[in-house]
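Single-structure report; data block below.
The values are calculated or read from the model by the stated rules, or taken from the named source; none is laboratory data. Quantities reported herein were computed from a predicted structural model and do not represent experimental measurements. Every residue, glycine among them, receives a Cβ derived from its backbone with ideal geometry; neighbour counts consider all protein chains shown. Just the protein is used for accessible areas: all its heavy atoms, side chains included, with ligands, DNA and RNA removed. Shrake-Rupley method; radii C 1.70, N 1.55, O 1.52, S 1.80 Å.
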There are 2 protein chains.
Amino acid sequence: MDEQRGKDRTAGKNRSGKGIDDLINGVRNGNRAMLAQAITLVESHASKHAEKSQNVLNGLLPYTGNSIRIGITGVPGAGKSTFIEAFGQHLCNIGHRVAVLAVDPSSSITGGSILGDKTRMEQLSQDPRAFVRPSPSGGTLGGVSRKTRETILLCEAAGYDIILIETIGVGQSEVVVRSMVDYFLLLMLTGAGDELQGMKKGVLELADSIVIHKADGDNKQKALTTKEEYNQILHFMKPTTNGWEVRAYTASSYSGEGIKELAGTLECFIEITKKNGFFEERRKSQLKEWLYSMIRDDLERRFFSHPKVKKELPLIEQNVYLGKETPTKAAREILGIYKEEGD
Amino acid sequence: MDEQRGKDRTAGKNRSGKGIDDLINGVRNGNRAMLAQAITLVESHASKHAEKSQNVLNGLLPYTGNSIRIGITGVPGAGKSTFIEAFGQHLCNIGHRVAVLAVDPSSSITGGSILGDKTRMEQLSQDPRAFVRPSPSGGTLGGVSRKTRETILLCEAAGYDIILIETIGVGQSEVVVRSMVDYFLLLMLTGAGDELQGMKKGVLELADSIVIHKADGDNKQKALTTKEEYNQILHFMKPTTNGWEVRAYTASSYSGEGIKELAGTLECFIEITKKNGFFEERRKSQLKEWLYSMIRDDLERRFFSHPKVKKELPLIEQNVYLGKETPTKAAREILGIYKEEGD
């Protein structure tokens, strides 16, 4: 960083602030290289980048929030990438600027397959109206979700008015994505019943719309039947968004059928939820949840990484399993040790 | 406490341990007055009782765990009390000793209606083989759940081999009850579809069995139809317990029809889950969850009750809502203040 100190002074204000203004302006002007650089900054694990990235974000905050944030998940093989390509392309064609992000807490293990294969969204990533960003590599779910939330803000400041967030569906990633989007799409295939049984519990309840994907060729008629089956089931479920009825639709990214209609459904969803106030309400509660989850994560991280706790907790836990002491007493013990020692 | 010090010495061991041994022995001998006193102790908010109650519990721990813990919830009007009376009575008749508890985090507000009306389970509460305990009054969900968990242990040590835990279904109480029981029953009424829509999200997914209650008289045929409708829906859902298929049943507490069969289903459930190891596995993970939730609760309680945090957090939160700073920066700020100040 030393060789850049001269430039730091030019940018003024802050010793560690080299390029902060450059980044803010660059992102604001929709400069893709600058946007990519700013995202790399918020994705950095290095603590020296933490303050800088927060300064960039705070400078950009007034220009954020004006997008529609859409989460997309699906069963394996549902064709999420091809769908995002087709749907994203259509949204660009009707005048939007589309950013595509991903939440994949497992990518540290799998090597980051999600969106990692550049060829997967070839058309969309070459479209000047779109911005496709691979998944941030690794880290905890909490870390990944902070990065994705901040990347959403950066993309919004850069002028993208639709943010598509793909989830690979590992662990709790759908719940996390639901907590950062306005609208949540679930991609399914034909064969509703069996599929649903294989699906993780609770995912169906998160969706605002269900898409029976690959509804083309021989599969089309089956997809229509599946759609009706889903609508039957959905009838028995409580919607996730106030004032919005969850329905199933069919679509094909191959033939393009149904894609336009989904954009219409989205528009309708936004109109209704903005009118009934739920859009703003959800945004506010998402901000609160973000703040509180960061606080909780930090309190726990500090506790569980404390040397004494790390040493004593496994023994205390074992005593609980062996029925030697109650969890209440065990918790008091370990908390007593932690409190005594301080941070 | 001073006037009791003499007796303390008789009991030996521990200055604050007056009556600890008496309570332990009394509970062990199934003395109902002693059991009630021990429960009052674990329910106490007074910190001076905390250590004593933990000593009593630890003395009794070797005699706990040998019951079947059953959670019971239902839509309003489903007749939980009459069902518990009928089901509990039957279990007593076939040789069990039954304790009935309740989880009702709202009882501080509503004045403790749940199980509070002594006349509600008149027969059962007069049965020498049963023990009916009203809901602990008030407190947070975390507090109520600790008390209930510890009361379960006390009842087990007193020889009750079936513990029925009623939930009034407010807030997250079903999730909490699910986290402390082996088997979870959901009581419903006829008119499946509409009922289900009115039900809280996710509750159906917690159940091991569904009971269509009040299946008598004119209602019987309708209940059978409803049962089939539920079985249709359940077919599409992932079971909550490994190796156990969730099914709907009909029962009437009025005519007694179906009650015996439910006891048979329960027996079958226990046999299967003990054989496949899930029973023990769930018990262990429940202990772990109990321990960790107590730790988390305490870390958060300490943070949120800290004077500086209480003063600064609302302002910082407001800044986040107004878009003046990111949640990440806000979290760092408030955590910085907390860390600086210490506890």
Specify which of the listed residues (B:333, B:280, B:267) is open to solvent by 60 Å² or more (accessible area, probe 1.4 Å), within 13 Å of another protein chain (Cβ to nearest Cβ) and farther than 24 Å from residue A:150 by Cβ. B:280
Can you tell me which residue is modelled with the lowest pLDDT among those in the stretch A:189-207 that are farther than 18 Å from residue A:172 by Cβ and part of a loop (DSSP other than H, G, I, E, B)? A:191
Restricting attention to the stretch A:318-330, which residues are facing chain B (nearest Cβ under 9 Å) and either open to solvent by 90 Å² or more (accessible area, probe 1.4 Å) or within 26 Å of residue B:339 (Cβ to Cβ) (or both)? A:324, A:330
All conditions in (1) without any contact (Cβ under 8 Å) to a residue 60 or more places away in the chain; (2) more than 14 Å from chain A (Cβ to nearest Cβ) are true of residue B:50 except (2)
Counting only residues in the stretch A:160-177 that are buried (at least 18 other Cβ atoms within 10 Å of the Cβ) and of a type outside the set (Val, Ile, Thr), the one modelled with the lowest pLDDT is identified as A:169
The listed residue being under 24 Å from residue B:328 (Cβ atoms), under 18 Å from the mean Cα position of the chain (by Cα) and part of a helix (DSSP H, G or I), out of A:101, A:57, A:61: A:57
Residue among B:300, B:289 that alone is in contact (Cβ under 8 Å) with a residue 60 or more places away in the chain, more than 30 Å from residue A:62 (Cβ to Cβ) and surrounded by 13 or more Cβ atoms within 10 Å (Cβ to Cβ): B:289
Any pair with Cβ under 9 angstrom, 6 or more apart, that starts in the stretch A:226-240 at a residue that is facing chain B (nearest Cβ under 9 Å) and touching a residue at least 40 places away in the same chain (Cβ under 8 Å) and ends at one that is open to solvent by 50 Å² or more (accessible area, probe 1.4 Å) and among the charged types (D, E, K, R): A:240/B:201
Select from the stretch A:214-262 the residues that are in a loop (DSSP other than H, G, I, E, B), open to solvent by less than 20 Å² (accessible area, probe 1.4 Å) and of a type in the set (S, T, N, Q) and list them in ascending order. A:241, A:252
Are there any pairs with C-beta distances below 9 angstrom linking a residue in the stretch B:307-318 that is touching a residue at least 24 places away in the same chain (Cβ under 8 Å) to a residue that is open to solvent by 90 Å² or more (accessible area, probe 1.4 Å), with the two at least 6 apart or on different chains, and if so which? B:308/B:340; B:308/B:341; B:309/B:341
Please specify each residue of the stretch B:68-111 satisfying the condition of being surrounded by fewer than 21 Cβ atoms within 10 Å (Cβ to Cβ) and modelled with pLDDT of 95 or more. B:68, B:89, B:90, B:92, B:93, B:94, B:95, B:96, B:97
